[in-house]
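Visitor: After the structure tokens below, expect a handful of questions from me.
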Amino acid sequence: GGGDGDAVVLEEMGAADFRLAFGSCSRHDQYQGLWGAIRGTQPDAFLWLGDAVYADTKLANKTRIYLGNEFLAAAYRTQNAHPAYAALVKETRVLGTWDDHDFGMNNAGREWAEKVFAQKAFLDFLGEPVDSPRRARQGVYESYTFRGLGRRRDHSVRVVLLDTRYFMSRHDGELLGEDQWAWLETLLAPGSSSDARNGDIGAGVNHRDERGRKRLTQGAEENRDNDPVDLTLIGSSIQVHADSQRMLMGIIDGVESWGQFPQEKQRLMDLVERSASRTIFLSGDVHHAEIGTSPAGCELPSELVEVTSSGMTHGILDEVSNEYGLRTYIKLVVPVFLIEWLWPRVGRLRRPRFIATNFAEVAVDFEDQDDQDAGAGAEEDEGQAAAAASRHSDVNSSGGGGGGGSGGGGSGFSLDGGRQLSASHPISGGGGGGEQASQGGTSGSRVTGSVRLHVRDAKGKVRIRKTVKLADLEGTWAEVDAAAARGGRGERQGEGDRPGPLSVEAGRRREECRTEKDLTKWERYRLPFLALGCLVLQPLAAAATAAGRACVFSPPRCSG
């Protein structure tokens, strides 16, 4: 399909030291109307989080077939030839992992016979160099470290892309496979690189490539860049925290998540906690968008945050059968936000879920730390201060809270959408500087600043927003227990309504920690039952409303 690919000037941007856009579930043969808005964010990187193309299809008898290797290769060529997407590729770095449909078959795993060809085709699509270590191993997992961020060029962000297809086995309860786990554990472990101890990524280094884009270090070869970072973004093609399939029973089948692999999920949570890495999860797959959270002391000692963006060309309603015109009818009566009260009042399940085409934006702003580092002699004009205050006051926070302070140095957006770049806003081509390595990735040294999370629609309008303080992504279980012992986070009511301390395990069971896996039978079936009731009753309500309007404007017609 076509799609207007001209970059759109977007609202609610604000300065950022690092900006990322991502999406998933895009049919190469359908209209693609998001690229203009994505280009408007002027991201430092765009991530595919799965299903960049669809290599399988569903027949009339509801069975699925693989359309073949040549079809898959041709689909990638079609996507790369899309004018608006090609313009994005020229402007920014495109990274990615796959999911089932670009892997080759719906919900396929390690048993998939064509996975070797699929890996080659996918890496060709991304333009992976022929000598890339990614081509020499099984699976497409990879990491990318962006260094030299912020006014003093001492901040960093790592993007980790997991492969949830190549090794996945439901029978064995495996998702990542031991090779990928070993790689991930090495990557997230605190580094001891000599470059990090002795190197300096300071001024005088050209931190931009031939296109003027920020350079990055790629941690694939021998995982050399596993030095600590200020923020880790872990991309998974399927949802990590949310467990949507438990709520969609009877409506949509085959939804996947880490919840179906409880031992793997716990292993991931334990690894993130041990790494002391400030972490946000990114995911796709489910054909809607949401920002899910879990309070500190539940899944992690810190707040767990997951941004899901899925449905770049089609949404969850497109999965409904159109037999007897059902899909057409549902699209007429269902709003673009799923009704929150359909979900049980359990934990944080009642949250906005956007079902129209969408993508997500992650904007990292280290502004507070930069201001403190700059010292008392630093000056900022009133316009910059007002802009910084405005961008934080305009962002709604549901549990995260916005960071205060001035804009993160050297990277903003002008009114015409052009990027304002400066030489003090680079990405290092090597390991992190000694100062950065000492402060990132440890809960003992608190970094200020915040991460703005946006779900945007095809016009670039923000539909869901949350601001997360970097400090809220820090913590250990020892700190949770200590807080509980003081009657703080994780407390419960004891005898006589007096606070009583909770252990970590007891704290995880408290009411606000409940998720889809903790639902009662009625709570599990609440969504499908109420959704069905709404679909049946809505036409009656509409008819009653129309009759009421007729009575108001023509009373004689309503008399007995």
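Visitor: Do you know which residues across region 439-495 are of a type outside the set (Lys, Arg), over 20 Å from Ala21 (Cβ atoms), modelled with pLDDT of 65 or more and assigned to a loop (DSSP other than H, G, I, E, B)?
Guide: Of everything in region 439-495, those that are of a type outside the set (Lys, Arg), over 20 Å from Ala21 (Cβ atoms), modelled with pLDDT of 65 or more and assigned to a loop (DSSP other than H, G, I, E, B) turn out to be Val447, Thr448, Glu474, Gly475, Thr476, Gly487.
Visitor: For region 113-163, name all the residues that are of a type in the set (Val, Ile, Thr) and over 14 Å from Asp179 (Cβ atoms).
Guide: Kept after step one, since they are of a type in the set (Val, Ile, Thr), are these residues of region 113-163: 116, 130, 140, 145, 157, 159-160.
Residues satisfying the conditions are Val116, Val130, Thr145, Val157, Val159, Val160.
Visitor: Next question. So Val346 ticks every box in (1) within 29 Å of Ala60 (Cβ to Cβ); (2) at pLDDT below 95; (3) open to solvent by less than 20 Å² (accessible area, probe 1.4 Å); (4) β-branched (Val, Ile, Thr) but one. Which box is left unticked?
Guide: Status for Val346: all satisfied but (1).
Visitor: What residue, among those in region 496-528 that are modelled with pLDDT of 75 or more and open to solvent by 80 Å² or more (accessible area, probe 1.4 Å), is nearest to Gln260 (Cα to Cα)? Steps first, answer last, please.
Guide: Residues of region 496-528 modelled with pLDDT of 75 or more: 510-523.
Restricting the remaining residues to those that are open to solvent by 80 Å² or more (accessible area, probe 1.4 Å) gives 511-512, 517, 521-522.
Values: Glu511: 22, Glu512: 21, Lys517: 10, Lys521: 18, Trp522: 20 Å.
Only one residue fits best here, namely Lys517.
Visitor: Just one of Leu20, Leu72 is closer than 24 Å to Thr467 by Cα, buried (at least 20 other Cβ atoms within 10 Å of the Cβ) and either touching a Pro at 6+ places or on another chain (Cβ under 6 Å) or of a type in the set (A, V, I, L, M, F, W, C) (or both); which is it? Don't jump to the end; show me each part of the working.
Guide: Working: Leu72 fails: closer than 24 Å to Thr467 by Cα.
Step by step, each of Leu20, Leu72 is checked, and only Leu20 is closer than 24 Å to Thr467 by Cα, buried (at least 20 other Cβ atoms within 10 Å of the Cβ) and either touching a Pro at 6+ places or on another chain (Cβ under 6 Å) or of a type in the set (A, V, I, L, M, F, W, C) (or both).
Visitor: Same structure, new question: Under the condition of being touching a residue at least 60 places away in the same chain (Cβ under 8 Å), assigned to a loop (DSSP other than H, G, I, E, B) and within 19 Å of Asp100 (Cβ to Cβ), which residue from region 270-286 is least open to solvent (accessible area, probe 1.4 Å)?
Guide: Within region 270-286, the match that is least open to solvent (accessible area, probe 1.4 Å) is Gly284.
Visitor: Taking region 133-148, which residues are open to solvent by 10 Å² or more (accessible area, probe 1.4 Å) and either at positive phi or of a type in the set (S, T, N, Q) (or both)?
Guide: Within region 133-148, Gln138 is the sole residue that qualifies.
Visitor: Does region 115-130 contain at least one residue that is within 30 Å of Ala15 (Cα to Cα) and open to solvent by less than 10 Å² (accessible area, probe 1.4 Å)?
Guide: The answer is no; no qualifying residue exists.
Visitor: Same structure again: Just one of the numbered conditions (1) open to solvent by less than 30 Å² (accessible area, probe 1.4 Å); (2) at negative phi; (3) of a type in the set (Gly, Ala, Ser); (4) out of contact with any helix residue (DSSP H, G or I) (no Cβ under 6 Å at 6 or more places or on another chain) is not true of Gly50; which one?
Guide: Of everything listed in (1) open to solvent by less than 30 Å² (accessible area, probe 1.4 Å); (2) at negative phi; (3) of a type in the set (Gly, Ala, Ser); (4) out of contact with any helix residue (DSSP H, G or I) (no Cβ under 6 Å at 6 or more places or on another chain), Gly50 misses just condition (2).
Visitor: If you check Ala15, Ala37, Ala45, Ala21, which single one turns out to be over 28 Å from Gln239 (Cα atoms), in contact (Cβ under 8 Å) with a residue 12 or more places away in the chain and in contact with a Lys or Arg (Cβ under 9 Å, 6 or more places away or on another chain)?
Guide: On the way: Ala37 fails: over 28 Å from Gln239 (Cα atoms); Ala45 fails: over 28 Å from Gln239 (Cα atoms); Ala21 fails: over 28 Å from Gln239 (Cα atoms).
Result of the check over Ala15, Ala37, Ala45, Ala21: Ala15.
Visitor: Conditions first: (1) under 21 Å from Asp285 (Cα atoms); (2) aromatic (Phe, Trp, Tyr); (3) surrounded by 22 or more Cβ atoms within 10 Å (Cβ to Cβ). Phe167 passes all but one, so which condition is the exception?
Guide: (3)
Visitor: Please verify whether Pro83 is open to solvent by 10 Å² or more (accessible area, probe 1.4 Å), at pLDDT below 95 and either in contact with a helix residue (DSSP H, G or I) (Cβ under 9 Å, 6 or more places away or on another chain) or among the basic types (Lys, Arg) (or both), treating the condition exactly as stated. Break it down into steps so the answer makes sense when it comes.
Guide: Numbers: open to solvent by 10 Å² or more (accessible area, probe 1.4 Å): yes; at pLDDT below 95: no; either in contact with a helix residue (DSSP H, G or I) (Cβ under 9 Å, 6 or more places away or on another chain) or among the basic types (Lys, Arg) (or both): yes.
Against the criterion (open to solvent by 10 Å² or more (accessible area, probe 1.4 Å), at pLDDT below 95 and either in contact with a helix residue (DSSP H, G or I) (Cβ under 9 Å, 6 or more places away or on another chain) or among the basic types (Lys, Arg) (or both)), Pro83 does not qualify.
The values are calculated or read from the model by the stated rules, or taken from the named source; none is laboratory data. No experiment lies behind these values; they were computed from the predicted model shown. For neighbour counting, all protein chains shown are included, and Cβ atoms are generated from backbone atoms with ideal geometry for every residue, glycine included. These area figures cover heavy atoms from the full protein model, side chains too; ligands, DNA and RNA do not enter into them. Shrake-Rupley method; radii C 1.70, N 1.55, O 1.52, S 1.80 Å.
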